Structures are given as C-alpha cells and as structure tokens.
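Participant: Handing you this structure, nothing more for now.
The numbers here are math on the coordinates, done by the rules we state, and not lab data. Since we're looking at a predicted model, the values are computed, not measured. Every residue, glycine among them, receives a Cβ derived from its backbone with ideal geometry; neighbour counts consider all protein chains shown.
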Amino acid sequence: MTLKYTFPNDFWWGSASSATQIEGSDNGIKGKDIWDHWYQSEPNRFFDQIGPGQTSDFYHHYQEDIKNMKQTGHNSFRLSISWSRLIPGGKGEVNQQAVDFYRDVIDQLLAHEIEPFVNLFHFDMPYPLHELGGWENRQVIDAYLDYATIAFELFGDRVKKWFTFNEPIVPVEGGYLYDFHYPNIVDFKKAIQVAYHTMIAHKKAVQYYHGNFNGEIGIILNLTPSYPRSQHPADLKAAHLCDLLFNRSFLDPAVKGEYPKDLIELLATYDLLPQIEPDDEQLIRDHQIDLLGVNYYQPRRVKAKENLPNPASPIMPEWFFDSYDMPGRKMNPYRGWEIYEKGIYDIMVNLKDNYGNIPSFISENGMGVENEERFVNNGQIEDDYRIDFIKGHLKWLHKAILAGCNVKGYHLWTFLDNWSWMNAYKNRYGFYAVDINTQKRTAKKSAKWFAKIAEQNGFNN
Ligand code: BGP
C-alpha cells in the first residue's frame, strides 16, 4: 500500500549537531575557541551561567548515541569537526587524540549504516585566530583552508558529504551587528567584510575539494524567507532588501557564483563595499557547490520603514526595513518563535525556479521547548507537539517534491538535547532527553515516531 506522503527512494532521514553544542569543550585535548574565551571572561552573558564546557558529553557517549540514532531510523547524521580540537592552536600541529576521536565516530556511524555529513565551521573560531582579527583578517582564510584540507585528507576516504560552513550569516549578525556572539562588535561595514571573507574561505575550500576528491561539498544556509506585510511597493521593497542582506548575500555567490547586482548597488550607495582582491571574482564564479543544506525555523516578516533613520546614527540593516508582527500568526507556545510550515515549501520552490534546482535538503528544522519535563508521562516525554511540528513541515516538503523540487532529505535539529549558544539548556530540541547531571539519555515519543516514518519512508496522516 502506498502511503499518502511517500518520499523519494534513498531520502536522507536524520538529524544534525555541532561540536561545541554536544562534545563538551572540557573533554579531551582541545584548544580554546571564542566560546571558551567568552565564557571565561563573561560568564554572566550565558544563560544560567552554563558554558560550553558542560554539554551533552557526546565525547564519552557517542557509541551509545550512535546506537540510539540507528534505533531512531537514521540513515544520515550531521556533525561538525571542532577546528580547535583538531588543531588546538588554530593553525599548525594536529591533535592526534582528536583524529582518533573523529575517526572512530565516523567509523561507528558507517558501521551502523548512517552516512556522516561533516561540517567544518559552526561558529567556533579558534581563539588564537580571533586574536589576529578572525574573519576580519584575510590571512585567517589561509588557516581555514589548512584546516579544511587536513580534515579532507584525514577523513575524505570515508566522508563523502562535506559542508564548509553552517549558517555563515549568524556569526556576522551575532558578532558584528547585534551583539549576541563574540566579539560583540556593532559595525555594519566590518560585518560585510567578515561575510565576504567567509565566502572567500568557502570558495577556496570548495576549489580544493573539487580538485582533489570526488565526493560532494556544499554549504548550510539558514534561508529565512522575508515576507512583506502587504503587496504595497514599499513593503515589497523592504522585503527585497532584507532578503538581499540576509539570504542572498550568501546564497547567490554560493550557488550562482555572483553577488546580486542590487546588493552591490545598495552597498556601494552607502560606502559599505568590502575590500576585494583581483582574483576573487573568478574564484567566486568558478567554484559552485554540489549540495545545499537549508536550515529553516521561522520566517522573517517585514514592512516598509515607518520613520526614516536618523542620518547621524550609524548605518545598520534596519535602515532599510522594519520587522512586522503579523496578527494571528501561529506561534510555538513553548518558545515564542513563529511556526509557518509553508515557508519550507516557498524556500524549495525558490531554489527550483531561481537557483537551477540545486540538490538540497533540510539540514535543520526543529522545535525548541522550555521546561520539557512537564510533558513526562510514564518516564517518557510525550512530545506530540514536536511530532506535529515535524509532520507539518514534512507535508509541505512533500508538496515541494511533487512540484519538482530537488529535495534529498530532512534532518531534525537535533538528536540529543544540547547546549545552545545563547540559551544553554533552556530550550530542548532533541529526539532524546539528556539529564545533564547524570548524562542519562531517554528517548522521547518523537524518536519512536520518527523511526517508523523513516522505516516506511513516509506516513499517511
Ligand atoms: C541554529 C544553529 C544551531 C542551533 C539552532 C537552534 O541557528 O545552527 O546551532 O543552536 O539554531 O537555535 P537555539 O539553540 O538558539 O534555540
């Protein structure tokens, strides 16, 4: 019997993680990255004063966790390789203990027929490189390329799906615009330079990989549709500018090999263009990705500016649009983010119509829930809201596939309840609950449900 929502053969069912959020930076040998540094210097900036030293200890529990992934129907799983675990100084000597750790994680995944999807940079700049200016300094790109090359050489025989960056716009927003990531700078022009260098680093890694390996390489972007309040030209323009700044600034160069002309014009008008080097244009043009990861949580809703910005104030992206709280929008009652399942469809149709139908997959989607213990029944968290959330998004993803979109898979954020950058353990996302004092793992109801739909490759209702 065919299921109402049947997904293509070999659809990737799984989940995603990042090194800083699950490994525990106090475990094993690891150099300091910006998160360790920031926590040591300003613990008050962290929720409940919990830093990255105490996380879900995947470092010691990965064997158990990988077995549980298998039980949860995973045929694929994304992890990241911590740059400062692999190369504690950021550049130079490789840490053999890290090599053994990641190799064993990868081997265990493969032994369980779970394909490892490996991402390189997930917000975790090594602190010694930050002291050189981080992504503000073009020389850091060479250090990144060494790190990428070392990772490809070490694990490229087993790993066939690589990603250069996770959500590269987030360190730009957090670190250089809105003060929620280290180094807490607020400077639009620097933000653009940082974004630009990140793209050059990405391109160099893609170039190297394509020249030396034959798997696939891509990037993971949080594509956040920016919906206008109305069809009024001023609202449409606001949404267009927001889209240019926050989505197309990475999407276009990564997939099409060029920056949108409107974006260049906008930046030129406000004297915000980054410093570029003569060979950059060709580098950007010639090295496109094979695969795009799409992280989707909630859309952005925008409207035209109500008041013109004060020309004496420093320029910020908000000079060009205002946010808009759409009346009646559906909210996640346990965290406060909007839930708009159709966004996933709109993103995929946009990729089909305007980005050559690039092979893509949902690399993160998930529902954070505060105080999730309140839903425990008979020792298990009964997270029916998460099942509904996933199902709602999968239905729209299925519709996108029927419309001809080249969608290859769906990964939940995340497998284990993990540490979050801004919220520590406040919002739980996992298929598995983790007691952070005992490290005991307990499957939530959604884990069993997901195992079933992955096994059937779909569902009816
Ligand atoms: C994404 C990041 C993840 C993860 C997730 C959930 O932007 O790639 O690392 O943290 O968001 O967000 P949060 O942890 O803030 O709830």
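Participant: Got a sec? Charge dipole of the chain, +1 on Cβ for Lys and Arg, -1 for Asp and Glu; which of 139, 457, 324 is way out at the positive end?
Facilitator: With unit charges placed on the Cβ atoms, the residue in question is 457.
Participant: Tell me what the chain gives for mean residue ellipticity at 222 nm when only DSSP H runs of n ≥ 4 count, each as -39,500 (n - 2.57), the sum divided by the residue total, rounded to 500 deg cm²/dmol.
Facilitator: Here the helix-only value at 222 nm equals -12000 deg cm²/dmol.
Participant: Right, something else. What is the order of 165, 320, fewest Cβ neighbours within 10 Å to most? Each step should come with its number before you reach the end.
Facilitator: Details: 165 27, 320 20.
Going from least to most buried by this count: 320, 165.
Participant: For the chain, I need the span (max minus min coordinate) of the C-alpha atoms along each principal axis, in Å, sorted largest to smallest.
Facilitator: 60, 53, 46 Å, listed from the longest principal axis down.
Participant: Note down the magnitude of the dipole of region 5-459 about its Cα centre, charges +1 on Lys and Arg C-beta and -1 on Asp and Glu C-beta and zero elsewhere, to the nearest 20 debye.
Facilitator: Using Cβ point charges on Lys, Arg, Asp and Glu, region 5-459 gives about 1240 debye.
Participant: What whole-number distance in Å separates the alpha-carbon centres of region 432-452 and region 5-37?
Facilitator: 16
Participant: Take peptides 131-137, 370-376, 404-410, 277-283 and line them up by average Cβ neighbours within 10 Å, highest first, as a rough protection proxy.
Facilitator: Per-residue mean Cβ counts within 10 Å order the peptides as 404-410, 131-137, 370-376, 277-283.
Participant: Also, I was wondering about something else. Between residue 437 and residue 184, with labels modelled 7 Å along Cα→Cβ, what's the label distance in nm to one decimal, could you check?
Facilitator: 3.1
Participant: Then there is this: Just to be sure I understand the rule: take each whole DSSP H helix in the chain, project its Cα atoms onto its long axis, keep it if the span is 20 Å or more and its mean Kyte-Doolittle hydropathy is at least -1.0. Which ones pass?
Facilitator: Taking the DSSP H segments of the chain (at least 20 Å long, mean hydropathy at least -1.0), we get 96-111, 139-155, 188-212, 384-402.
Participant: By the scheme Lys and Arg +1, Asp and Glu -1, what is the net charge of all other residues having a beta-carbon under 11 Å from that of residue 33?
Facilitator: Spelling it out: positives minus negatives among the neighbours equals +1.
Participant: Right, here's the next one. Taking a label point 7 Å from the Cα of residue 64 along the Cα→Cβ vector, which residues of region 428-461 have an amide N closer than 14 Å to it?
Facilitator: Hits in region 428-461 for residue 64 at 14 Å: 432-443.
Participant: Moving to a separate point now. Once the other residues with Cβ under 13 Å from the Cβ of residue 325 are scored (Lys, Arg +1; Asp, Glu -1), what is the net sum?
Facilitator: +4
Participant: Something else about it: Which of 445, 67 has the fewest other C-beta atoms within 10 Å, and how do the rest follow up to the most? Walk me through the intermediate numbers first.
Facilitator: On the way: 445 17, 67 12.
Listed from fewest to most nearby Cβ atoms, that is 67, 445.
Participant: Go through 287-299, 72-84 and give me the packing order, highest mean Cβ count within 10 Å leading.
Facilitator: Ranked from most to least packed, the peptides come out as 72-84, 287-299.
Participant: Then there is this: Between residue 49 and residue 207, how many nm apart are label points set 7 Å from Cα along the C-beta direction?
Facilitator: The answer from the label model is 4.8 nm.
Participant: Please compute the net charge surrounding residue 71, taking Lys and Arg as +1 and Asp and Glu as -1 over other residues with Cβ under 12 Å from its Cβ.
Facilitator: With Lys, Arg at +1 and Asp, Glu at -1, the net is +2.
Participant: Measuring from label point to label point, each 7 Å out along Cα→Cβ, what is the residue 6 to residue 258 span in nm?
Facilitator: Between residue 6 and residue 258, the simple spin-label model gives 4.2 nm.
Participant: Fewest to most neighbouring Cβ within 10 Å: what's the order for 319, 13?
Facilitator: Fewest to most other Cβ atoms nearby, the residues stand as 319, 13.
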